[in-house]
């Protein structure tokens, strides 16, 4: 009986290990390598400041992947902006989200960009990285486990990240269309050598954002 229980327990631990390993191996197909926020000015209007978020993705297709590429990669950016508070008033946080779907990503590094337009840059005094942001990835509809670089420093702990995403999901829809993917901005053609091909769905502009469990 003791031996049977030991074997069952061992099988249970092995099963958990295989599930954990399987999830992480598949998640490694695409992961966030870095996220950088910086002021940007389009060539068409160099006096107009935007805030550019550049998401660098590390792409490692599985050996059997067609063309050594990872197809249908969904990228979501969630941002919390602390707006300047009036005297005696608490700081208010506005939440924004945007989403793109990459047709296919080549092995190596790829970049995806999102932008805050000039009006928000001026109104909310946006100059660099906000305190709270997170990136969600999915491959062919399957959520990818987040790497450490997929969250701001303030959201490194899973509990903090989850709380942020839950709060953002409740409020961000009111600001849909304010945080723009690259192809909806004057920067659409400004990175010809490092811009991926997107699956475009302008008819349903507001993304149906999801939060990973």
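In nm, to one decimal, how far is the modelled label at residue 200 from the one at residue 125, with both set 7 Å along Cα→Cβ?
Reported label-point gap for residue 200 and residue 125 is 3.8 nm.
Which whole-angstrom value gives the distance between the alpha carbon centres of region 25-67 and region 114-141?
The two parts, judged by their Cα centres, are 13 Å apart.
Going by how many other Cβ atoms sit within 10 Å of their own, how do 37, 116 line up, fewest first?
Least crowded to most crowded, the residues run 37, 116.
Sort 102-111, 188-197 for me by packing, meaning the mean count of neighbouring Cβ atoms within 10 Å per residue, highest on top.
102-111, 188-197
Could you line up 166, 70 from fewest to most neighbouring Cβ atoms inside 10 Å?
Going from sparsest to densest Cβ surroundings: 166, 70.
How much length would be gained if the chain were fully extended between residue 65 and residue 191, taking 0.36 nm per residue of separation minus their Cα-Cα distance, in nm to one decimal?
Length difference between fully extended and current span is 42.7 nm.
The numbers here are math on the coordinates, done by the rules we state, and not lab data. Here the structure is a predicted model, which means the values were calculated and not measured. Every residue, glycine among them, receives a Cβ derived from its backbone with ideal geometry; neighbour counts consider all protein chains shown.
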